[in-house]
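Engineer: Supplied in structure tokens, the structure appears directly below.
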Amino acid sequence: MNPTDRVEIGKTGVEVTRLGLGGGPLSGMVLAEGIYGGTGYQQAVSIIRRAYELGIRYFDTAPMYGEGRSEVRYGRALADIPRPAFTVSTKVARVLDPVPGEAKPYSEDGIPKMRVSFDFSRSGILRSLEESLKRLNMQSVEILYLHDSDFTGQHPESTFREALPALAELRQQGIVKAIGMGMNQWELTARCVRDFDLDVVLMAGRYTLLDQSALPVFMAECVRRGTRVAIGGPYNSGILARDLDGSVTFDYAPAPRQLIEKARSIKAVCDRHGVDLKAAALQFVLAHPAVATAIPGAQTVAEVEQNVAAVKARTPIQLWAELKHEKLIPHDAPVP
């Protein structure tokens, strides 16, 4: 596979490369358990610039990532590159407010400590986008996602269903070209794909080499509707990209024993065929006809380079046949 091949998102005119760069690890994602991942300012800028040098042209970010730092770092790292040369997505439904008494910037990003809160209102969505564009130092972004509407079940489905028309309005006005949802579960997302005119869905963790729960319903609905999919978390936050003899994470928490054992079984098959687990993980998701791009994060320049090499690596058809024979992936899952 060629990681720099471009895929159009429907008829929006937006193109993404088969391999993109996820913006969470560039600054750390603020989760209930604390901050997951994260790099220093200079290293993050180096990662972004190296990704561009290697031909990656799709960059994803969000206000939540590092409390705005991910957006700032993208804006500065890409500042000297002509804007039409690459595609950017960010997300709405979370807004940032300075923490009282902590207004002094405490990093090279120039951002004070911020409090992240949900706001699915039209005014909140407009504010979120406006502030993101300032941090990015850009006039526009190509793709806008409604972010984590399913987050820990805090919000009824009606809340974010009321927010989606605001994104459609921004698309109609030409402020953004493509709209979608950035989600961690597939059930309600499949209903929204059915009921709304979404261009693309960023599905995190539910269609991977380890977890194919989204395959029979969600992915099939996307194929029927012509909705493209961007795969976030293709390594399930680490379990498919780390030494399985040490501590590993799944969905940003310690991985359950049964999933570690399944990952080890998958790796054993990969080892027999001389294929790196990361290569199998990326190429598996990219083989699905609905998938336009995969956007793993990276905490070092070497990880970006490894991701590019993983997409290019040769994976024999016997590998996929054995994974299906061992019932480690579904028999009807598309494979390279």
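Engineer: Semi-axes of the equivalent ellipsoid for the chain, please: Cα gyration tensor eigenvalues, times 5, square-rooted, ordered largest first, whole Å.
Structural biologist: 30, 22, 20
Engineer: Search the structure for amide H atoms under 5 Å from the amide H of Tyr58, placed 1.01 Å from N in the peptide plane, and list their residues when 5 or more places away or on another chain.
Structural biologist: Residues meeting the amide H criterion: Thr17, Leu21, Thr87.
Engineer: Let me ask something else about it. Tell me, what ³J(HN,Hα) does each residue in region 227-234 have, in order and in whole Hz, if you take phi through Karplus 6.51 cos²θ - 1.76 cosθ + 1.60 with θ = phi - 60° and put x for Gly and Pro?
Structural biologist: 8, 7, 10, 9, 8, x, x, x
Engineer: Then there's this: Considering only DSSP beta bridges whose two residues both sit in region 17-325, what percent are antiparallel, to the nearest 5?
Structural biologist: Beta bridges within region 17-325, antiparallel portion: roughly 30 percent.
Engineer: For the pair Val7 and Arg272, what calculated FRET efficiency results from E = 1/(1 + (r/R0)^6), where r is the Cβ-Cβ distance and R0 = 30 Å, to the nearest 0.05?
Structural biologist: Efficiency computed from Cβ-Cβ geometry: 0.40.
Engineer: If you average the C-alpha positions of region 198-257 and of region 291-323 separately, how far apart do those two centres end up, in angstrom?
Structural biologist: Answer, in whole Å: 14.
Engineer: Still on this structure, I have one more. In sequence order, what are the phi-derived ³J(HN,Hα) couplings for region 264-281 according to the Karplus relation 6.51 cos²θ - 1.76 cosθ + 1.60 with θ = phi - 60°, rounded to whole Hz, with x for glycine and proline?
Structural biologist: My calculation for region 264-281 gives 5, 5, 5, 4, 4, 5, 4, 4, 5, 9, x, 10, 5, 4, 5, 5, 5, 4 Hz in order.
Engineer: Sticking with this structure for a sec: Which shape class, rounded, prolate or oblate, goes with region 137-249 when its Cα gyration tensor gives a ≥ b ≥ c as root eigenvalues, a/c under 1.5 marks rounded, and past that a/b bigger than b/c marks prolate?
Structural biologist: It comes out prolate by the Cα gyration axes.
Engineer: List the residues, sorted by chain then number, that are 5 or more residues from Thr293 or on another chain and whose placed amide H is less than 5 Å from its amide H.
Structural biologist: Val229, Ile231
Engineer: Quick query: amide H of Ile179 versus all other amide H atoms, modeled in the peptide plane; which residues come in under 5 Å with a sequence gap of 5 or more or a different chain?
Structural biologist: Leu144, Asp199, Val200
Engineer: Hey, another quick one. With axes computed from alpha carbons, what is the tilt in degrees of helix 301-312 against the longest principal axis of the chain, rounded to the nearest 10 within 0 to 90?
Structural biologist: Roughly 50 degrees, rounded to the nearest 10.
Engineer: Next up: Might you report the magnitude of the Cβ-based charge dipole of the chain about its Cα centre, with Lys and Arg at +1 and Asp and Glu at -1, to the nearest 20 debye?
Structural biologist: 420
Engineer: Please give the FRET efficiency for Ser121 paired with Gln172, using the beta carbon to beta carbon distance and R0 = 25 Å, rounded to the nearest 0.05.
Structural biologist: 0.85
Engineer: How far apart, in nanometres, would the label points at Ser158 and Glu53 be if each is projected 7 angstrom from Cα along the Cα-to-Cβ direction?
Structural biologist: Using points 7 Å along Cα→Cβ, the separation is 5.4 nm.
Engineer: Compute the acute angle (0 to 90°) between the alpha-carbon long axis of helix 122-136 and the principal axis of greatest extent of the alpha-carbon atoms of the chain; round to the nearest 10°.
Structural biologist: Around 80 degrees separate the two axes.
Every number here is computed from the coordinates shown, using simple stated rules; none is lab data. Keep in mind that this is a model prediction, so the values were computed, not measured. For neighbour counting, all protein chains shown are included, and Cβ atoms are generated from backbone atoms with ideal geometry for every residue, glycine included.
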